[in-house]
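Below is one structure; the comments refer to it alone.
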Amino acid sequence: MIVITIIGILTVGAYIPYNFYSELARVRLSAEIVDQSVSDAKILASNGYVFPGTSENAHIGLILRKASNSMDILAYQSGSRSLVPDATAKLVRTIALENNITLSALPSDTVLVYFTAPSGDI
């Protein structure tokens, strides 16, 4: 009985740090995903991503929404800064964060990181 109690205490003691470090790893990986997504958006803008259905270079935007676990990369026609896909903004791709990780430390509900083509200026 004593051996079973000791094994139970050791198991509970090992689970708590594992859970903490597992969550910390998911947060770090999600931060890397956000960083890589910003770099990908800049590269798309500077490499001349063509707006679908036209021959002009598209501006590229990365949309981050508070309490969301994904981000969208949109291609924009000149002058557009729409936050949803429409005639002047086409969805390029959606990037998911790790499980149970959401964007929370944003200055507003929605943030648009916008890169102009072809220079890639933010």
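What follows draws every value from the coordinates through simple rules; no lab data is involved. Note that the structure is a prediction, hence the values are computed from the model and not measured.
If one takes the longest principal axis of the Cα atoms in the chain, at what angle in degrees, from 0 to 90 and to the nearest 10, does the Cα axis of helix 2-46 lie? Between the helix axis and the principal axis of the chain, the angle is about 10 degrees. Which entry in (i) 18.8, 76; (ii) 12.9, 36; (iii) 20.8, 76 is this structure's computed Rg and Dmax of the Cα atoms in Å? Among (i) 18.8, 76; (ii) 12.9, 36; (iii) 20.8, 76, the one calculated here is (iii).
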